[in-house]
Amino acid sequence: MSSTDFDFHNVPVANEFGMKRIVIVGASSGIGLALAEAFASRNIPVGLAARRTKPLEDLKKRYPSRVAYAEIDINKPEAVSRLNRLITDLGGMDIYIHSAGIGFENLTMEPESEAHTIETNTVGFARMISSAYRYFRSKAKRGQIVAISSVAGTNGLGRLAAYSASKKFDQTYLVALEQLANSMNAGITFTDIRPGWVRTPLVMPDKQYPFEMTVEYAVPLIIRAIVRKKRVAYIDWRWALVAAAWKLIPDAIWTRVSTSVVTPDKQLPLDIRPDLNRSL
Ligand SMILES: NC(=O)c1ccc[n+]([C@@H]2O[C@H](COP(=O)([O-])OP(=O)(O)OC[C@H]3O[C@@H](n4cnc5c(N)ncnc54)[C@H](OP(=O)(O)O)[C@@H]3O)[C@@H](O)[C@H]2O)c1
């Protein structure tokens, strides 16, 4: 989906955000891009970041007075100073939205693929969320930190081991920061958005997913949860039910369940033959 074929007239942003300034990291594609478009088209100032800046530049052209953007790779230490510069360019930040993330099925358990997912979804995640937290604390400012985690963080998923484990990390990290913020009366609120499958470039174009949602359907629900400062929001209600049932399954049973994710299903590899010379 391009950012221009999106109709946001039914998105419930209206005046709820007032003159709040929103930073979105992971704004070049999918959910982050749709959120950026929804806010900018409703006169809300946004600071946008990702590694690919072309979609951000396009939004800046369409909403020049409302968009600031920066190239940020959350896996690099300089992401912190770049985020702070972006916040300055925007004139401050009231809401931080973390949408950056990656995920792949890794049936052969290719180690570098696992490491890359975990680096982006946990190390990069913590780098950026802690930076947003420090910004609010340094300004003694009330603020909201929003992260798009996933229903996949409910428990380990065999075909998405790194992804599901990393999303669990994200959810736990938000709980930890909330406890820290509360102990200091910091006035920072946390919103953990847990979508089921959404048709974005993250999912495989030739496969069907269970209870799959369009961006047009999911993003207004996400915005509503942010406006209402929900602590945890499953997107949508069907996934709330799935997660509630899933949490009741003991690991001894869960580990015996075959969790195919896509239709048509991917073939499970019968064996994996590592290069023994290399691994010795
Ligand atoms: N789609 C789903 O079914 C689904 C379901 C549940 C949760 N989620 C979560 O929702 C979030 C958004 O996913 P999406 O579906 O919108 O996927 P997407 O279209 O692939 O967008 C992912 C975004 O993350 C950014 N990103 C990835 N690595 C980055 C890095 N190292 N530094 C900075 N930005 C980086 C990408 O920007 P660049 O590549 O330009 O850097 C892009 O803007 C992810 O955290 C995902 O796990 C998605």
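Of everything in region 191-221, what is outside any helix (DSSP H, G or I), in contact with a Pro (Cβ under 8 Å, 6 or more places away or on another chain) and crowded, with 16+ Cβ neighbours inside 10 Å? Give them in sequence order. The answer is G196, W197, M213.
The residue of region 235-247 that is surrounded by the most Cβ atoms within 10 Å (Cβ to Cβ), among those that are aromatic (F, W, Y) and more than 10 Å from the ligand (Cβ to nearest atom), is W246.
Taking the stated definitions as given, is K230 modelled with pLDDT under 90, within 29 Å of G26 (Cβ to Cβ) and surrounded by 13 or more Cβ atoms within 10 Å (Cβ to Cβ)?
Judged against the criteria, K230 is not a match.
Counting only residues that are in a helix (DSSP H, G or I) and either in contact with an Asp or Glu (Cβ under 7 Å, 6 or more places away or on another chain) or in contact (Cβ under 8 Å) with a residue 40 or more places away in the chain (or both), region 63-87 holds 6 of them. With respect to the conditions (1) of a type in the set (F, W, Y); (2) touching a helix residue (DSSP H, G or I) at 6+ places or on another chain (Cβ under 7 Å); (3) closer than 24 Å to L33 by Cβ, Y217 lacks only one, and its number is (2). Screening G92 against (1) in contact with a Lys or Arg (Cβ under 6 Å, 6 or more places away or on another chain); (2) crowded, with 19+ Cβ neighbours inside 10 Å; (3) of a type outside the set (K, R) leaves a single unmet condition, (2). Of all residues in region 88-120, those that are touching a Ser or Thr at 6+ places or on another chain (Cβ under 6 Å), part of a loop (DSSP other than H, G, I, E, B) and either more than 16 Å from the ligand (Cβ to nearest atom) or aliphatic (A, V, I, L, M) (or both) total 1. Show the residue pairs meeting these rules: Cβ distance below 8 Å; 6+ apart or different chains; first residue within region 201-227 and among the aromatic types (F, W, Y); second residue modelled with pLDDT under 95 and part of a loop (DSSP other than H, G, I, E, B). Filtered contacts from region 201-227: Y209/V203; Y209/V261; Y209/V262.
The values are calculated or read from the model by the stated rules, or taken from the named source; none is laboratory data. Owing to the predicted nature of the structure, the values given are computational and were not obtained by experimental measurement. Here Cβ is always computed from backbone atoms with ideal geometry, including for glycine, and neighbour counts include all displayed protein chains.
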